[in-house]
Every structure is written in structure tokens, then in C-alpha cells.
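Q: If you scroll down you'll find the structure; I have some questions about it.
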Amino acid sequence: MTESAFFNWLLVSWLALAAAVFVLLFFVNAPYGRYLRAGWGPTLNNKAAWMVMESAAALLFALFFILGEARGPVSWMFLLMWQAHYIHRAFIYPFSLRGPTRRMPVFVVAMGLTFNAVNTYLNGRYLFSLSGGYPDSWLRDPRFILGLLLFVAGYVANRRSDAVLGRLRQSAQNGYKIPYGGLYRWVSCPNYLGEIAIWTGWALATWSLPGLAFAVWSVANLAPRARANHAWYRQHFADYPRERKALLPRVW
């Protein structure tokens, strides 16, 4: 089997798996954070867990860039966009976590590591080798410009929302508090909304099936968890703002 045939098979399978995971996660909450529970095997410090999972995406993407044939301005821009997210997520975000130390099952870490490895292979290998490269004029294409703007908007929303949660963890000790400020005025999980916007923007900017697969996976992973978090807040806080939606302002 050629790499091209393997790549196409993996991409189709990856999209099908995302659909299955989307349905499954409406019935089973991934066991980390507030949903951590016994029965999922050994656990790892959550700071180390985030580093292990997310560093794979940063390192592998850089490797595919180095080994690839496409080295023009567009490739450098894609590298910058990807690493802006993953260097932060792997090497800065874990050290910003405040409050009591939490744990994450090794099983979840392994699943996250596998996801990042496959997703990075599909995107990195396509962009820097299998696509044949993008012309410099792509930086002026409306699809790239709109995608970049959406990526940046999602990046800012995600970081600001995470900062709100970080301050709450520091002050809440062993419990949870209702987050306020920014996009929390309208939705319970603006950090997830921001991340979905990031990878939807990526899909537009790259105009590729691997980019689309990443956007689909973002929705598959985060939309069910946003719904669960929204229900959890309403169950545990009688004064939780009734006007908030789970993920999309005024919609859902």
C-alpha cells in the first residue's frame, strides 16, 4: 500500500470515528476534571498529563515541516498558527493551572496522545508534502484570510476564557464556582467555543480535508462536553444564570 492510499484510508476512517465519538460522548463523560471517577485505572498528575498529550502535536508537526518539501511563506504561516496553539497548550497552559493538584487517568492521556499523533500526521504530512505546497498567492485568498481571522478570534476567546477558569480554580480551593465575565455572559463553555472556532478557521485557512477533519473532531469532542458541563452547572448551582446556553449564544 502506498502512503497516498494509506493516507486516504486513514482520513476516511478518522472522519467516521469522529462521528461515532460524537454520539458516544453524549452518553459517557470522559473521566477527567469534574467527571473523574474510579474504575479507569492509574492516574497521572494533570500538569504532566497535558504536557505528554499536547507536546506530541507540537513536536511532530515541526518534524513534518522539517522533512517536508513545502517551505514557502504559506507553509511557514501554517507552522506559526499550529505552534501558537500547541506550544501554549503543551508548555505554558499546564503551568498556569492553579488550585489543588488534580489527576487524569493514564487511559485518557493515551487516548489524547493517540488523537494528537494521528491528527498531526494527517495535517502535517498533507500540508508539507502530499499537498504539493500552496502558492504564495494563497495568503491573499479570501478563504485563508477569513480562516486566519476566525483562528485568531477563537485563540483570543479560548485564552481569555481559560484565564477566567484559572482564577476561579485558585480561589475555589477544592470546589467549583460559577465563572463570570467575557463570553461567560452568554455561554457556559466559551473556552470550547473558542477552540472550535480555532480549528474551523484552520479548516478554512488550509482548505483541506485534514483541516476539516480536525474541525469535525473539535465539535465531536467538545460539543457533548459543553452540554454536560452546562447541565452540571445548573444542577449544582441554584443561582446559575438562566440566560446562558451551553455553547452557542442564544441558540444551544
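Q: I'm trying to understand the selection: among the residues of region 168-193, which are in a helix (DSSP H, G or I) and surrounded by 21 or more Cβ atoms within 10 Å (Cβ to Cβ)?
A: Across region 168-193, the qualifying residues are PRO190, ASN191, TYR192, LEU193.
Q: Of all residues in region 194-217 being assigned to a helix (DSSP H, G or I) and of a type in the set (Gly, Ala, Ser), which is nearest to GLU243 (Cα to Cα)?
A: By that ranking, first place goes to GLY194.
Q: Would you confirm whether or not region 100-112 contains a residue that is assigned to a helix (DSSP H, G or I), among the basic types (Lys, Arg) and either closer than 30 Å to SER4 by Cβ or in contact with a strand residue (DSSP E or B) (Cβ under 8 Å, 6 or more places away or on another chain) (or both)?
A: no
Q: Could you please tell me which pairs satisfy a Cβ distance under 8 Å, a separation of 6+ or placement on different chains, a first residue in region 86-114 that is within 21 Å of LEU59 (Cα to Cα), and a second residue that is of a type outside the set (A, V, I, L, M, F, W, C) and not in a helix (DSSP H, G or I)?
A: Sorted first by the residue in region 86-114, then by its partner, the pairs are VAL106/GLY41; VAL106/PRO42; VAL106/THR43; VAL108/PRO31; VAL108/TYR32.
Q: Return the pair list, or none, for Cβ contacts closer than 6 Å from residues in region 35-51 that are under 19 Å from LEU25 (Cα atoms) to residues that are of a type outside the set (D, E, K, R), at least 6 apart or on different chains.
A: TYR35/ASN29; ARG37/PRO31; TRP40/PRO31; TRP40/PRO105; TRP40/PHE107
Q: Filter region 71-108 down to the residues that are farther than 27 Å from THR43 by Cα and either surrounded by fewer than 15 Cβ atoms within 10 Å (Cβ to Cβ) or β-branched (Val, Ile, Thr) (or both) and list them by number.
A: Result: ARG71, GLY72, PRO73, VAL74, TRP76, LEU80, ALA84.
Q: Evaluate region 208-216: report whether one residue or more is under 17 Å from ARG160 (Cβ atoms) and either charged (D, E, K, R) or surrounded by 19 or more Cβ atoms within 10 Å (Cβ to Cβ) (or both).
A: Restricting attention to region 208-216, the residues satisfying the condition of being under 17 Å from ARG160 (Cβ atoms) are none.
Within region 208-216, none of the residues are under 17 Å from ARG160 (Cβ atoms) and either charged (D, E, K, R) or surrounded by 19 or more Cβ atoms within 10 Å (Cβ to Cβ) (or both).
Q: Suppose we keep only residues that are among the aliphatic types (A, V, I, L, M), surrounded by 15 or more Cβ atoms within 10 Å (Cβ to Cβ) and at pLDDT 95 or above within region 137-165. Which one would you say is farthest from SER75 (Cα to Cα)?
A: Among them, the one singled out is ALA157.
Q: Confirm whether TYR134 is assigned to a loop (DSSP other than H, G, I, E, B), among the aromatic types (Phe, Trp, Tyr), surrounded by 17 or more Cβ atoms within 10 Å (Cβ to Cβ) and more than 14 Å from the chain's Cα centre (by Cα).
A: yes
Q: Applying the selection to region 18-43, what residues are more than 16 Å from the chain's Cα centre (by Cα) and surrounded by 17 or more Cβ atoms within 10 Å (Cβ to Cβ)?
A: Once the filter is applied, which keeps residues that are more than 16 Å from the chain's Cα centre (by Cα) and surrounded by 17 or more Cβ atoms within 10 Å (Cβ to Cβ), region 18-43 yields ASN29, PRO31, LEU36, THR43.
Q: Of the residues in region 4-23, how many are in contact (Cβ under 8 Å) with a residue 12 or more places away in the chain and either more than 15 Å from ALA213 (Cα to Cα) or of a type in the set (D, E, K, R) (or both)?
A: 1
Q: Take PHE61 and decide whether it is under 18 Å from the mean Cα position of the chain (by Cα), farther than 25 Å from ARG169 by Cβ and surrounded by fewer than 17 Cβ atoms within 10 Å (Cβ to Cβ).
A: no
Q: Then there's this: Yes or no: LEU63 out of contact with any Phe, Trp or Tyr (no Cβ under 6 Å at 6 or more places or on another chain), in contact (Cβ under 8 Å) with a residue 60 or more places away in the chain and part of a helix (DSSP H, G or I)?
A: So LEU63 passes the test.
The values are calculated or read from the model by the stated rules, or taken from the named source; none is laboratory data. Everything numeric here is computed off the predicted structure, so don't read it as measured data. So basically every Cβ, Gly included, is an ideal-geometry build from the backbone, and we count neighbours across all protein chains shown.
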